[in-house]
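Read through the structure below, which is laid out as structure tokens, and then see the notes.
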Amino acid sequence: QGAPRRRTPARLRVAFLRQLERWGTISQAAAAIGLDRRTIQRWRRLRPEFDLRCEEALARRGQMLEDEGIARARRATTRPFFY
């Protein structure tokens, strides 16, 4: 099996990006991996490539929500009305 993997900053950033796409908010994604929101803000400020990947993840999440909303709107839900 080997030794357990260490939670290096690079691995934490990858885990954060996965959670960001899942949850869609920085606060929830940071909490999901046990980091403070300020750590993420610092990473975004200091690492332009990480900031870009965050923006891309948020855009993908927004697109997923939009697609889901359109799919729900297209599904007809009929309920009988009784007076």
query = If you compute P(r) over Cα pairs in 10 Å bins from 0, in percent for the structure shown, which of [x] 16, 45, 28, 10, 1; [y] 16, 37, 20, 14, 8, 4, 1; [z] 19, 47, 28, 6, 0 do you land on?
reply = [y]
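I'd like the carbon and sulfur percentage of the solvent accessible area for the chain, probe radius 1.4 Å, heavy atoms only, ligands and nucleic acids excluded. Before the final figure, lay out each step's value.
Values: 3630 of 6940 Å².
On the chain, the fraction of accessible area on carbon and sulfur atoms equals 52 percent.
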remark   = Checking A15, A73, A30 against a Gaussian network model of the chain (alpha-carbon springs below 10 Å), the top fluctuating residue turns out to be A73
key: 0 to 90° range, to nearest 10: angle between helix 37-46 axis and the chain longest Cα axis   = 70 degrees
Rounded accessible area per residue of the range 1-82, 1.4 Å, Å² = 82 Å²
query = Using helices alone, what [θ] at 222 nm do you get for the chain, with -39,500 (n - 2.57) per DSSP H run of 4 or more residues, divided over all residues and rounded to the nearest 500?
reply = -23000 deg cm²/dmol
task = Would you mind computing, in nm to one decimal, how far apart the modelled labels at E55 and A15 are, each placed 7 Å from Cα along Cα→Cβ?
result = 2.7 nm
message = Net charge around E49, counting only other residues with Cβ within less than 15 Å of its Cβ (Lys, Arg = +1; Asp, Glu = -1)?
response = +3
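Using R₀ = 30 Å, calculate the FRET efficiency as 1/(1 + (r/R₀)^6) where r is the Cβ-Cβ separation of D36 and R5; round to 0.05. Intermediate values should be presented prior to the final figure.
Working: r = 21 Å, r/R0 = 0.71.
Efficiency computed from Cβ-Cβ geometry: 0.90.
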task = Given the options E55, E66, E21, state which has the largest fluctuation in a GNM of the chain using a 10 Å cut-off (strictly under) for Cα springs.
result = E66
ask   = Of G34, G24, G62, which is the most mobile in a GNM of the chain whose springs link Cα atoms less than 10 angstrom apart?
value = G34
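The values are calculated or read from the model by the stated rules, or taken from the named source; none is laboratory data. On a predicted model such as this, the values are computed, not experimentally measured, just so you know. Here Cβ is always computed from backbone atoms with ideal geometry, including for glycine, and neighbour counts include all displayed protein chains. Side chains included, ligands, DNA and RNA excluded: accessible areas come from the protein's heavy atoms. Shrake-Rupley method; radii C 1.70, N 1.55, O 1.52, S 1.80 Å.
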